[in-house]
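Read through the structure below, which is laid out as structure tokens, and then see the notes.
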Amino acid sequence: MDAVIDAINSIDAFVWGPPMIALLLGSHLFLTFRTKFIQRKLPTAIKLSVTPDPDAPGDISQFGALTTALSATIGTGNIVGVGTAILAGGPGAVLWMWLTGVFGIATKYCETYAAVKYRVEDHNGNMLGGAMYAWKRAFTKDGKTPWWAMLGAGAFAVFTAIASFGIGSAVQSSAMTSIIVSNAPGVPTWGIGLAVVIMVSLVIFGGIKSISRVCEKLVPFMAIAYAWGCIVIIGLNWQYVWPAICLIFECAFTPKAAFGGAVGSGLMLALQFGCARGLFSNESGLGSAPIVASAAATRNPARQALVSMTGTFWDTVVICALTGIVLVSSMLANPEIMEQGLITAGADLTSAAFASIPFVGTPILVIGMILFAYSTILGWSYYGNRVITYLFGKRAIRPYQVIYVAVAFLGAVGIGDLVWTVSDIANAFMAVPNIIVVLLLSGLIARETKHYVWDRNLDEVDETPIPKLESK
């Protein structure tokens, strides 16, 4: 068994190594220039995210689609993942996480544009979309889809389904259990698992509209509450904030050892771990968020693509940056955190840094971890629901949901670590066909973006008929 685990860990290290980082980060940069730096439209995008588009085709509001996607992306990676990046790559990793988010905004825009443009309608009038439909519809000629397009669509759907059980269900319930047990040791893990199953089942069996309603209320609350808590901690550490920012920039570009060499140092380490954790945190390029964006009521693909790209901004540019400043400033204010020699993982570093703040530190971390993990379970359940529907039809939805909540229970009682690694690998494999189809369609996306965005036709209605799928 140890040999199997070692082999899986080796595969994980390879697929998330330099080639994958180069593919994703390179795509971020390429698509930023291809869209004429679409990041400049962030103020417009934020305004659109809270502006209803009631007469447009779709199942949920643009804001509902955004918050459902954010529920899946704002998770433990925004808290523990930042600590992991700092521990392995040094404080400079925070800057590279942030820059990855800035350029990842363009990729999130493009992948969402493709998903909405090529979405379809099922027999009940519900919208379905994502990389699998982009592959099929974009390259089908005279009713014939080439084998390589079918392969790209199928590969994305299969790996997304696998990832949903891991990163979406087991890993998140495991994180919730760990944080609860560490602060209340007498609570049985099976009891936590049962509570997670009940809380998740009450929402996901109601479908996308039920998930969206919960996420519309939960996500803004948890994000604002966590950001407020981080700002309070930054205020308490105010004299260390500027030195922390200076240290982050210095370590990002120079081989400076930090905290007595107790954390990673060097430009390449900072770049590698900062980019990897940033890419993992905001999911730009994975193709997950466009699945739910395809259900949004929007009059043209550009409007929803703009709304969706704000998710990367809130997730990495805001939440991860706040977490990074909190951790580095707390480490400067409390150097004994690293001197104790007990910090061996990102979760340990995050817990120690937050615990060093009297009264508010630990509650902020505990509540934030629980809410972030719970919302991620909800968001990823929808992603899995849609790809399972693509692969096996609507009759597979209920069995999938039952297995999904069962896996959440198993995650709570102790299968999280291995599943995390397997789902990490699946995430990388789902990113490849998604990035490929986005790059293949980048010329079309750039042309239509010029028309809708840069020529100021965002209010124009796209009258292209949306195909209706046959029932299966």
On the formula 1/(1 + (r/R0)^6), with r taken between the Cβ atoms of His451 and Phe37 and R0 of 22 Å, the FRET efficiency rounded to 0.05 is 0.80
Checking region 356-401 for chymotrypsin sites (Phe, Trp or Tyr not before Pro) in a loop per DSSP with at most 14 other beta-carbon atoms within 10 Å yields Phe359
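Would you please put 443-453, 186-196, 85-95, 423-433 in order of how densely packed they are, using the mean number of other Cβ atoms within 10 angstrom per residue and starting with the highest?
85-95, 423-433, 443-453, 186-196
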With a 30 Å threshold on alpha-carbon distance, the violating pairs from Lys136/Lys394; Lys36/Lys468; Lys108/Lys209; Lys209/Lys468 are Lys36/Lys468
So the FRET efficiency between Val360 and Leu151, C-beta based with R0 = 56 Å and rounded to 0.05, is 0.65
Toy charge model, Lys and Arg Cβ at +1, Asp and Glu Cβ at -1: the chain dipole around Cα centroid in debye, rounded to 20, equals 1200
If the chain between Lys217 and Ala138 were fully extended at 0.36 nm per residue, the gain over the current Cα-Cα distance would be 24.9 nm
The local net charge around Thr312, scoring Lys/Arg +1 and Asp/Glu -1 for residues other than Thr312 whose Cβ lies under 15 Å from its Cβ, equals +1
Rounded to the nearest Å, the spacing of the alpha-carbon centers of region 194-227 and region 374-438 is 17
Nearest-0.05 FRET efficiency for Leu458 and Asn9 at R0 = 41 Å, using Cβ-Cβ distance, is 0.30
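Values in this text are rule-based calculations from the coordinates and carry no lab data. Owing to the predicted nature of the structure, the values given are computational and were not obtained by experimental measurement. Heads up, the Cβs are rebuilt from the backbone with ideal geometry, glycines too, and the neighbour counts pull from every protein chain shown.
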